[in-house]
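Down below is the structure, laid out as structure tokens.
The values are calculated or read from the model by the stated rules, or taken from the named source; none is laboratory data. Everything numeric in this text was worked out from a predicted model, so none of it was measured. With ideal geometry, Cβ positions are generated from the backbone for all residues, glycine too; neighbour counts draw on all protein chains shown. Only protein heavy atoms, including side chains, enter the accessible area calculation; ligands, DNA and RNA are left aside. Shrake-Rupley method; radii C 1.70, N 1.55, O 1.52, S 1.80 Å.
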Amino acid sequence: MTTERERMLTGKLHYAEDSELKQLRSRVKILVDDYNDQIHTKPARALALLPNIFGHIGDNAYIEKGLFLDYGVNTHIGQIFLQMVDCTIKPNT
């Protein structure tokens, strides 16, 4: 049987309130809150959170305070990425 997460990742209609998807969103929102709170006061600690937030993040990535995501693990960011103004990433795949 196909899970709601699998359905989401293949672009199919899915139930966003599925317990696995809710857990993924909750996990990333906690990490993103920590990132946003620390990027100016403890930048090294905040930047160390990025590999736990995204599916992949390349070297030399920097995202200014104001990051918002639904899942994070579905998002892959390459090398030398700079985001200076509010960053909202809402992909389903």
For the Cα atoms of the chain, what angle does the longest principal axis make with the long axis of helix 43-53, in degrees from 0 to 90, nearest 10? 10
Rounded to whole Å², per residue accessible area for the chain with a 1.4 Å probe reads 63
Can you compute the helix-only [θ] at 222 nm over the chain? Use -39500 (n - 2.57) per DSSP H run of at least 4 residues, normalise by all residues, nearest 500 deg cm²/dmol. -12500 deg cm²/dmol
If amide hydrogens are placed 1.01 Å from N in the peptide plane, which non-local residues have theirs closer than 5 Å to the one on I57? I77
I'd like the accessible area for T88: 1.4 Å probe, protein heavy atoms, all chains in place, Å² to the nearest 10. 90
Taking amide H positions as placed 1.01 Å from N in the peptide plane, with prolines and chain starts having none, which residues 5 or more places from C87, or on another chain, fall under 5 Å of its amide H? L67, F68
Once the whole set of protein chains is in place, how much accessible area is left on R7, using a 1.4 Å probe, in Å² to the nearest 10? 80
Accessible-area ranking of I63, I30, I80, largest first, probe 1.4 Å: I80, I30, I63
Amide H neighbours of F81 under 5 Å, counting only residues 5+ apart in sequence or on other chains, H built in-plane at 1.01 Å? A61, Y62
Mind checking which aspartates and glutamates have their C-alpha under 12 Å from K12, skipping anything on the same chain fewer than 8 residues away? E4
Filtered GluC sites (Glu not before Pro), the chain: DSSP coil and at most 10 other beta carbons within 10 Å: E17
What do you get for Rg/Rh of segment 13-54 when both radii come from the Cα atoms and Rh is the Kirkwood radius? 1.14
Formal net charge of residues neighbouring L82 (Cβ-Cβ distance under 13 Å; K, R +1; D, E -1): -2
If you build the convex hull over the alpha carbons only and average its shadow over all orientations, what do you get for segment 1-73? Give it in nm² to one decimal. 5.4
What percent do you get for the relative contact order of the chain when only Cα pairs under 8 Å and 6+ apart count? 26
At a 1.4 Å probe radius, carbon and sulfur cover how many percent of the accessible area of the chain? 54
